[in-house]
1. Looking only at region 431-459, count every residue that is within 20 Å of Glu221 (Cβ to Cβ) and in a helix (DSSP H, G or I) and tell me the total.
2. Of the numbered conditions (1) in a strand (DSSP E or B); (2) under 30 Å from Gly159 (Cα atoms); (3) among the aliphatic types (A, V, I, L, M), Val484 satisfies every one except a single condition; which is it?
3. Filter region 207-227 down to residues that are among the hydroxyl-bearing types (Ser, Thr, Tyr) and part of a helix (DSSP H, G or I) and give me whichever is nearest to the chain's Cα centre (by Cα).
4. Can you tell me which of Ser322, Ser340 is free of Cβ contacts under 8 Å to residues at least 24 places away in the same chain and farther than 28 Å from Val94 by Cβ?
5. Being in a loop (DSSP other than H, G, I, E, B), exposed (fewer than 15 other Cβ atoms within 10 Å of the Cβ) and either modelled with pLDDT of 95 or more or of a type in the set (Val, Ile, Thr) (or both) is the requirement here; does Pro66 meet it?
6. Looking at Gln505, Gln490, Gln498, can you tell me which residue is on the phi < 0 side of the Ramachandran plot and exposed (fewer than 14 other Cβ atoms within 10 Å of the Cβ)?
7. In region 488-516, which residues are more than 32 Å from the chain's Cα centre (by Cα) and of a type in the set (D, E, K, R)?
8. Could you tell me how many of the residues in region 177-220 are of a type in the set (Val, Ile, Thr) and closer than 29 Å to Lys292 by Cβ?
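The values are calculated or read from the model by the stated rules, or taken from the named source; none is laboratory data. Note that this is a predicted model, so its numbers are computed, not measured. No Cβ is skipped: glycine too gets one built from the backbone with ideal geometry, and neighbour counts run over all protein chains shown.
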Amino acid sequence: MKRTLLALLAISLISVGCNPKPAGSGTPGNNTYPSGDQTYSPENVRKVLDKQQKAAFKFFYDGAEPQSGVALEGNNRGNTVTIGGGGFGVMAIVTGIERGWITREQGKERIRKIIDFLKGADRYKGAWSHWHNPDGSYVAFGDQKATGDLVETSYMIEGLIVAREYFDRSDAEETAIRNDIDWLYDTVDWAGYTGENKDGLYWLWYSEQDRYSLKISGWNEGLASYLFALGAKDGHDISPDLYERGWNVPVYPNRKVNGYVFPLGNNVTGGPLFFSHYSFLGFDPRHMQDSKVWYWQQNLSHTMINRHYCIYDAPASHGYNSCLWGLTACYGAGSTPSYSARNPKDDDGVIAPTAAISAFPYTPFYSAQVLMELDRIEACQGEYGFADSYKPAEKVSNRNHLAIDQGPIVVMIENYRSGLIWNLFMKNERVKRALERAGIGEPVFREGFPFIAADTKTGLYDLMAHPDKEKYELEYYSDESGKVSFKILQKATMDEIQSYETDIQAGLSAFQFDDTKVTRGKPYIISMTLPSKKTYQIEAILH
């Protein structure tokens, strides 16, 4: 439907930003900021990214259990260490080295301690338990005392693979780290978790009763378990056929939810946002497509659906807005204190900072809105960065922390800023074997801008200058080599303010332009003409 310019500009105010006056105030259509405001300038966003990413990192370095070096389940959970959250912590340690928060030697010493703990800890068919004591003995998970936990083990392996690729020097210490990590992966009996009927992978094994529970089937956070099982060495691996039968993700190729293409899973609201985080801290969805889906599109749509619900469809009494959104598993807060895997079908007015902020690679500006708003709210600050949850209507937080929530904040911010964790993980040979056996390969793109999604309510894409590169950046795809040209036009007047032309090779390329001639918060048209002579346009707010 065509809109008049006046109507388009009016509705665009919903997505531009939030009123930085009283934090968390206002309604979705009233959270605007003046044109030219510098709230989302690279310098301002970078300062808060640095502050909050480092604070969450400290949970895994300063706040780890001292005997084992592994992350605590939570900062108020005694000395119980967590295997899955500990794997996220390994990735956080690597991030901390690269960011200069600790030295390589300090990081190496911590990873060495974690590996030594894992080598001596209780294992069940090679898998660790959900939780352990500092001496390595297992802590019963659930009323029936599950021992082996395959999904939590997968997340530890995910982190260890990143460390294996990072410590790549030829000296004895780093060689030993790599060898030990290979051995830990190779001694997980993934095939031993295929249940009595060998019909798929199972989450839990109860060694005392030789019983399995919770078949892992999609769409959920269990994809990593199947992929690691496919990538395992012969004898401990599973077949591609078992992966297809066991994972068995429902597929709806033409389904759209609130205008977003969303092919996987029966839950039309996507479930809690950790589905698009946990497996994808290491597995890079940009480079993952199979016969069913391009995983980037699935995860981007999941995030946008979650955001759409919070801003446009949730009860007004919840107090959500374009700077306060994001539903996933977290502690409760205020009058609803219980832990829950919150999502649009299970929403009690509690958002989790990890939800939107760990979505930074998918929705940079929308995640930055939440980042900057929560950073202004004193109630949202905990010992190690953002509190685990916040209830906007009551302006109250649960200031505790969970490893599985703080870890994705560190890692996914880094994947957005530098791609560090994705790049390390995806070059691992076992990971390559896993993806090949799963039938997952590089995407087949159409010409245009494949990585973005406009807000379907406004029809506008919100583009933020990258906080580290200090430029606006758009990736685009061309079928042909040759000359490509770009024009940046003011939406209101159609005046050209910048133009750009260059020669490219067929495939993916990136277009960058600076912010010196644009006014933040204003609508622009970005026009691209490819060697094929096809023209593509984006209507965008530049922040």
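1. Here the count works out to 3.
2. (2)
3. Checked region 207-227; the qualifying residue nearest to the chain's Cα centre (by Cα) is Ser225.
4. Ser340
5. Yes: the conditions hold for Pro66.
6. Only one candidate qualifies: Gln505.
7. Lys491, Asp495, Glu496, Glu501, Asp503
8. 3
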